[in-house]
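Below you'll find the structure, written out as structure tokens, and then a few comments.
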């Protein structure tokens, strides 16, 4: 199914990967949000769970191996064109993961991959939902550690 003007929403998985006080981000190589920093992730494949999709996407896009810890939230990304037709529609399942191994390197759908300090996130011009997921990820990880 085409991602552009789809006939139904596409399920995507976004992964908040934390390593200490850092979060892993990728600069998107393809629309939507091409050229912007974002969470690593992508479309779920038939037969794989959300957590499997998250682990696979992070490894494919960045070379980083992660352990998925749980669900953060579900976000809709619906982008109409100038004529109000739906150009993109993704249902994004965002999960929390922690770094296990590997150094960030861009691959597949990413132009760049890099670790950012938590304090640097507000200055990156991220989509508001991406920033919210990152905040939620740090909060959830702290709660799991208590």
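None of the figures in this text is laboratory data; all of them are computed from the coordinates on show. As the structure is a prediction and not an experimental result, all values here were calculated from the model. Every residue, glycine as well, gets a Cβ built from its backbone with ideal geometry; the counts of neighbours run over all protein chains shown.
How about segment 30-62: which of its residues are over 13 Å from the mean Cα position of the chain (by Cα) and either within 20 Å of residue 138 (Cβ to Cβ) or free of Cβ contacts under 8 Å to residues at least 24 places away in the same chain (or both)? Give the derivation first.
Going through segment 30-62, the residues over 13 Å from the mean Cα position of the chain (by Cα) turn out to be 30-31, 34-35, 45-49, 52.
34, 45, 46, 47, 48, 49, 52 - these are the residues of segment 30-62 that are over 13 Å from the mean Cα position of the chain (by Cα) and either within 20 Å of residue 138 (Cβ to Cβ) or free of Cβ contacts under 8 Å to residues at least 24 places away in the same chain (or both).
Looking at segment 6-41 only, could you name the residues that are outside any strand (DSSP E or B), closer than 11 Å to residue 115 by Cβ and in contact with a strand residue (DSSP E or B) (Cβ under 7 Å, 6 or more places away or on another chain)?
Keep residues of segment 6-41 that are outside any strand (DSSP E or B), which gives 6-9, 20-21, 29-36, 39-40.
Right, trim to closer than 11 Å to residue 115 by Cβ and you get 20-21.
Passing the criteria: only 21.
Working only within segment 105-128, note down all residues that are under 18 Å from residue 3 (Cβ atoms) and surrounded by 16 or more Cβ atoms within 10 Å (Cβ to Cβ).
109, 110, 127
Test of understanding: among 65, 91, which residue is over 23 Å from residue 128 (Cα atoms) and more than 11 Å from the chain's Cα centre (by Cα)? Talk me through it step by step, then tell me what you get.
Numbers: 91 fails: over 23 Å from residue 128 (Cα atoms).
Just one listed residue meets the conditions, 65.
Against the condition under 21 Å from residue 138 (Cβ atoms) and surrounded by fewer than 23 Cβ atoms within 10 Å (Cβ to Cβ), how does residue 17 come out, does it pass?
Numbers: under 21 Å from residue 138 (Cβ atoms): yes; surrounded by fewer than 23 Cβ atoms within 10 Å (Cβ to Cβ): no.
No.
Output the residues belonging to segment 2-29 that are more than 13 Å from the chain's Cα centre (by Cα) and closer than 25 Å to residue 99 by Cα. Step through it out loud before you land on a result.
Residues of segment 2-29 that are more than 13 Å from the chain's Cα centre (by Cα), as a first pass: 2-10, 19-22, 29.
19, 20, 21, 22, 29 - these are the residues of segment 2-29 that are more than 13 Å from the chain's Cα centre (by Cα) and closer than 25 Å to residue 99 by Cα.
Within segment 96-104, can one find any residue that is crowded, with 16+ Cβ neighbours inside 10 Å, over 14 Å from the mean Cα position of the chain (by Cα) and either in a loop (DSSP other than H, G, I, E, B) or on the phi > 0 side of the Ramachandran plot (or both)?
yes
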